[in-house]
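Just below is one structure, and these are the notes that go with it.
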Amino acid sequence: MANLIAGTILGLGLIIGSISLDVFLARWDDQRPHGPEDKIAKYVLLTMIGVIPPAIGIALLYWMKRLGSHRVTVHENGFSYVYAGSTEICLWTELEKIQEMFIDEELTVLKIPGGTIKKTDRFFVLRRHDGKEFRFTINSIDSIPRLAKCLEDARDRFEIPWERSYPLR
């Protein structure tokens, strides 16, 4: 949820901020005499500021809308997955394997030794016998540990192969 809110704020900020800057620069009247190349440069800059960041903001808002539409409901015999307006039903017996993958992330906070935050995220890829894959990450599921518990129960009941992939260190 925090990622959705942050992405929405960033997308709106890109749209509103760049359009505001574009209007400000368009209305700003420099008193120096300008030649034709100065006017061309100004219009190229205004076009770039007025088109590129708002387009990125709109794409980001669209992506946040799609991420917000993820819904997974786990049932006794399988799960339903809602994404981008379509619903997929998958029975546990249809699963070929469950892959649990781990990714190491490192965020540098300070440029000193030990000034980094290290974190390991995990996500799941469920593969059906027909080749269809379902990806569940921290961006698409509220609680990865709760999903992991449900998947472990299904693995034990229906003998679904489980693979774990760890990052190279």
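The values are calculated or read from the model by the stated rules, or taken from the named source; none is laboratory data. Values in this document were obtained by computation on a predicted structure and should not be read as measured data. With ideal geometry, Cβ positions are generated from the backbone for all residues, glycine too; neighbour counts draw on all protein chains shown.
Just a few scattered comments:
- Verdict on Gly50 being surrounded by 16 or more Cβ atoms within 10 Å (Cβ to Cβ), assigned to a helix (DSSP H, G or I), touching an Asp or Glu at 6+ places or on another chain (Cβ under 8 Å) and among the small types (Gly, Ala, Ser): yes
- With respect to the stated conditions, Pro33 fails to be under 30 Å from Phe136 (Cα atoms) and outside the structural domain of Thr137 (by TED's automatic domain parsing).
- Pair list, Cβ under 7 Å, 6 or more apart: the range 82-96 residue in contact (Cβ under 8 Å) with a residue 12 or more places away in the chain and farther than 25 Å from Arg66 by Cβ, other residue aliphatic (A, V, I, L, M) and assigned to a helix (DSSP H, G or I): Trp92/Ala154
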